[in-house]
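Chemist: Sending over a structure as structure tokens; questions will come in a sec.
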Amino acid sequence: MKDNVKGIGIGLMVVGALGYLGVLASIFVMVTGANEEAFRELNRELGPEAANFIKLFSQWVGLLLGVVGSAVLIFGGLQMMRMKSWGLCVAACILAAFPCWGCCCIGFPLGAFGLYVLFQDEVKASFT
């Protein structure tokens, strides 16, 4: 089982990197205004003040969550490869299993298997 830990760590770092690609795509959408039609519809329904608040809040909070979440995945994967910070590795596996990070096709099974491996007594005892 210990051999699986390094592979899962690499996988977590890949999912984190995919999360950063998603952040870059979101920045591109913000800069180019590719999502302006959706916000124009909100503007008509809610008024300009509410629509601008929703636009700024959703974009910036989404970017912040993407940056922080991806950093946790990458750092958690690195710590998993080093067999350190068991709690952080568990948190990174749980985060990877959420369908909003990186690629859910990779993240969910990786996170679930990572949790399975991390809760093995032999593996848990190996962490410092």
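Chemist: Taking Phe39 as meeting all but one of (1) within 19 Å of Thr128 (Cα to Cα); (2) over 15 Å from the mean Cα position of the chain (by Cα), write down the number of the exception.
Modeler: Unmet condition: (1).
Chemist: Pick from the range 53-90 the residues that are of a type in the set (Gly, Ala, Ser) and touching a Ser or Thr at 6+ places or on another chain (Cβ under 9 Å): which of them is surrounded by the fewest Cβ atoms within 10 Å (Cβ to Cβ)? Write out each step before concluding.
Modeler: Kept after step one, since they are of a type in the set (Gly, Ala, Ser), are these residues of the range 53-90: 58, 62, 66, 69-71, 76-77, 85, 87.
In the following step, the residues that additionally are touching a Ser or Thr at 6+ places or on another chain (Cβ under 9 Å) were identified as 62, 66, 76, 85.
Details: Gly62: 15, Gly66: 22, Gly76: 28, Ser85: 17.
Looking at the filtered set, the residue picked out is Gly62.
Chemist: Can you pull out the residues in the range 101-122 that are touching a residue at least 12 places away in the same chain (Cβ under 8 Å) and touching a Phe, Trp or Tyr at 6+ places or on another chain (Cβ under 9 Å)?
Modeler: Within the range 101-122, Gly102, Gly107, Phe108, Gly111, Leu118 meet the criteria.
Chemist: Which one of Gly76, Gly66 is more than 30 Å from Ser126 (Cα to Cα), in contact (Cβ under 8 Å) with a residue 40 or more places away in the chain and either touching a Pro at 6+ places or on another chain (Cβ under 7 Å) or assigned to a helix (DSSP H, G or I) (or both)? Walk me through how you get there before you give the answer.
Modeler: Numbers: Gly76 fails: more than 30 Å from Ser126 (Cα to Cα).
Being more than 30 Å from Ser126 (Cα to Cα), in contact (Cβ under 8 Å) with a residue 40 or more places away in the chain and either touching a Pro at 6+ places or on another chain (Cβ under 7 Å) or assigned to a helix (DSSP H, G or I) (or both) holds for just one of Gly76, Gly66, which is Gly66.
Chemist: If you go through the range 91-128 one residue at a time, how many are outside any helix (DSSP H, G or I), under 16 Å from the mean Cα position of the chain (by Cα) and surrounded by 13 or more Cβ atoms within 10 Å (Cβ to Cβ)? Lay out the reasoning, then the answer.
Modeler: Looking only at the range 91-128, we keep the residues that are outside any helix (DSSP H, G or I), and these are 98-103, 119-120, 127-128.
Filter once more, so that each one left must be under 16 Å from the mean Cα position of the chain (by Cα): 98-103.
So of that shortlist, the ones also surrounded by 13 or more Cβ atoms within 10 Å (Cβ to Cβ) come out as 98, 100-103.
The qualifying residues number 5.
Chemist: If I ask for residues that are over 21 Å from the mean Cα position of the chain (by Cα), surrounded by fewer than 12 Cβ atoms within 10 Å (Cβ to Cβ) and part of a helix (DSSP H, G or I), which ones from the range 22-36 would you list? Give the steps one after another, and end with the answer.
Modeler: First, pick out the residues of the range 22-36 that are over 21 Å from the mean Cα position of the chain (by Cα): 31-36.
Adding the requirement that they be surrounded by fewer than 12 Cβ atoms within 10 Å (Cβ to Cβ) leaves 31-34.
Passing the criteria: Val31, Thr32.
Chemist: Within the set of pairs 6+ apart or on separate chains, which have a first residue in the range 85-100 that is within 21 Å of Ser26 (Cα to Cα) and without any contact (Cβ under 8 Å) to a residue 60 or more places away in the chain, a second that is aromatic (Phe, Trp, Tyr) and outside any helix (DSSP H, G or I), and C-beta atoms under 7 Å apart?
Modeler: Once the first residue is within 21 Å of Ser26 (Cα to Cα) and without any contact (Cβ under 8 Å) to a residue 60 or more places away in the chain and sits in the range 85-100, its partners that are aromatic (Phe, Trp, Tyr) and outside any helix (DSSP H, G or I) give Leu95/Trp101.
Chemist: State yes or no: is Ser58 of a type outside the set (Val, Ile, Thr), in a helix (DSSP H, G or I), modelled with pLDDT under 95 and touching a Phe, Trp or Tyr at 6+ places or on another chain (Cβ under 7 Å)? Write out each step before concluding.
Modeler: Details: of a type outside the set (Val, Ile, Thr): yes; in a helix (DSSP H, G or I): yes; modelled with pLDDT under 95: yes; touching a Phe, Trp or Tyr at 6+ places or on another chain (Cβ under 7 Å): no.
Spelling it out, it is not the case that Ser58 is of a type outside the set (Val, Ile, Thr), in a helix (DSSP H, G or I), modelled with pLDDT under 95 and touching a Phe, Trp or Tyr at 6+ places or on another chain (Cβ under 7 Å).
The values are calculated or read from the model by the stated rules, or taken from the named source; none is laboratory data. Treat the numbers as computed from the prediction; the structure is a model and nothing was measured. Note that we place each Cβ from the backbone using ideal geometry, even for glycine, and neighbour counts take in every protein chain shown.
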